[in-house]
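What follows is a set of notes on a single structure, which appears directly below.
Nothing in this text is a laboratory measurement; each read-out follows from the coordinates by a stated rule. Model, not experiment: these values are computed from the prediction.
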Amino acid sequence: MIKAKYPTGKFNEIQTPFYYYDLDVLRATLDEINVQTQKTDFHVHYAMKANVNPSVLAVIKNAGLGADCVSGGEVQAAIDAGIPASKIVFAGVGKADWEINLGLENDIFCFNAESVPELEVINELATAKGKTANVALRINPNVDAHTHHYITTGTNENKFGINMEDLDQVTDLINTLSNVKLIGIHFHIGSQITDMTAFHNLCIRINELQENFIAKGVKLEHINVGGGLGINYEHPNHFPVPEFEAFFKVYRDHLNLLPGQTLHFELGRAVVAQCGSLISKVLYVKQGSSKKFAILDAGFTDLIRPALYQAYHRIENLSSELPVEAYDVVGPICESSDTFAKGCVLNQTKRGDLIALRSAGAYGEIMASQYNLRKLPKAYTSDELK
């Protein structure tokens with residue numbers, strides 16, 4: 001079993017806080033993805049929004065994954081990383097004209113279109129360039145992923161996608177757009193999904209939609225089911241690689257692909273989360289009236305997920321093997337929400353100890369900010385620190 005390794009001696013030489021990526025864990029993760037998708041018509045596009053660290057992207061590109069982008073900046077980063085444009089899909093409910101033009105100029109694989117106005121603009125811009133834009137309709141399947149409401153994206157109350165009751169109108173419109181080609185349909189029902197039933201329910205809905213398209217004489221070349229597979233935040237050492245076998249098996253067993261149809265996935269968190277940690281140092285241990293506070297030099301400017309989503313990250317003291325105590329682990333930001341965990345059990349902690357906030361490879365470094373005029377965290381990899 002692969003397990004993240006921490007070169008703590010070298011950590012002591014680096015200014016904290018910083019991100020650390022164990023690229024051996026990342027490579028093991030990518031190897032498992034490739035094992036589970038070999039000899040299939042499954043194609044995985046890495047969701048760039050999770051992490052665009054250049055060293056991480058280089059490993060992902062070398063593993064043969066494509067890219068799922070939700071902004072022009074991500075499209076450009078994917079191209080700069082050497083990911084072929086023929087493997088780039090571009091989603092997002094609010095694509096600006098310059099972003100659409102960037103995709104057209106680079107002949108990306110597909111735009112995942114989310115509304116009638118967007119389709120009309122894509123057609124207009126493609127016509128001006130004398131190009132035909134491949135599009136997949138992002139359909140809101142009204143499947144509840146039963147996850148945090150901020151990261152649920154597949155129900156009628158969400159801003160994303162085309163509602164099923166509007167689908168006939170949209171497909172009729174596409175027939176009038178001369179520079180748009182419908183090549184598929186796209187879904188993404190949410191994030192951090194660990195109950196495979198949600199994916200099974202999505203398969204059932206897609207099968208129903210396929211029958212409707214067939215009845216209308218529309219042949220779809222591609223189905224894109226998005227991502228959403230969760231990870232084990234509680235036990236990153238025991239479960240460093242997500243449940244890819246069970247995830248892909250759901251689609252093999254329950255999705256009725258037509259002959260020649262390809263199936264596309266957009267995995268982000270499941271690819272990079274477990275390889276990354278935020279490394280911080282303890283500034284002070286403060287005794288409160290009824291609790292102890294471990295005050296770190298990292299704050300929600302470095303890792304915002306606990307403040308934004310009330311998300312859990314396993315926290316470990318890399319410097320101590322003393323008996324455990326309970327601490328509220330907090331940062332230095334002038335906001336009460338700058339709290340990583342309450343009542344967190346750590347080995348006895350003192351000023352200067354190195355602390356690892358685990359499973360931070362996804363939505364960590366990429367969401368960092370400079371609030372309070374703090375510096376953005378730097379990042380290092382296991383390859384660099386060997």
Note, the range 329-336: 3J(HN,Hα) by Karplus (6.51, -1.76, 1.60, θ = phi - 60°), whole Hz, Gly/Pro = x, goes 9, 10, x, x, 6, 7, 8, 5
Which far-off residues, 5 or more places away or on another chain, put their amide H under 5 Å from the one on L318, with H placed in the peptide plane? L354, I355, A356
For the chain, what does the helix formula give at 222 nm: sum of -39500 (n - 2.57) over DSSP H segments with n ≥ 4, over the residue count, nearest 500 deg cm²/dmol? -8000 deg cm²/dmol
When the Cα atoms of the range 26-146 are enclosed in a convex hull and the volume is divided per residue, what value in Å³ results? 127 Å³
Yeah, the range 23-273 with a ≥ b ≥ c from its alpha-carbon gyration tensor (a/c under 1.5 is rounded, else prolate when a/b outruns b/c, oblate otherwise) is oblate
Taking the convex hull of the alpha-carbon atoms of the range 171-290 and averaging its shadow over every direction gives an area in square nanometres of 12.9 nm²
Apply the a/c threshold of 1.5 to the C-alpha gyration tensor of the range 1-54 and tell me whether it is rounded, prolate or oblate. oblate
Taking θ as phi - 60°, what are the ³J(HN,Hα) couplings along the range 217-230 by the Karplus curve (6.51, -1.76, 1.60), each to the nearest whole Hz, with x for Gly and Pro? x, 9, 9, 9, 7, 9, 10, 10, 9, x, x, x, 4, x
To make sure I understand the rule: partners must be aspartates and glutamates, Cα under 16 Å from the Cα of K291, and not fewer than 8 residues away in the same chain. Which ones qualify? E325, D328
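According to the square roots a ≥ b ≥ c of the eigenvalues of the Cα gyration tensor, what is the shape class of the range 307-386, taking rounded for a/c under 1.5, prolate for a/b larger than b/c otherwise, and oblate for the remainder?
The shape class here is oblate.
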Using modelled amide H (1.01 Å from N, peptide plane; none on Pro or chain starts), what sits under 5 Å from the amide H of A341, excluding residues fewer than 5 places away? V329
Vicinal HN-Hα couplings computed from phi for the range 166-175 (Karplus, 6.51 cos²θ - 1.76 cosθ + 1.60; Hz; Gly/Pro x): 9, 5, 4, 4, 5, 5, 5, 4, 4, 5
Residues with amide H under 5 Å of N163's amide H, sequence separation 5 or more or different chain, H placed in the peptide plane at 1.01 Å from N; which? N140
A chain fully extended from V35 to N256 at 0.36 nm per residue, minus the present Cα-Cα distance, gains in nm 77.4 nm
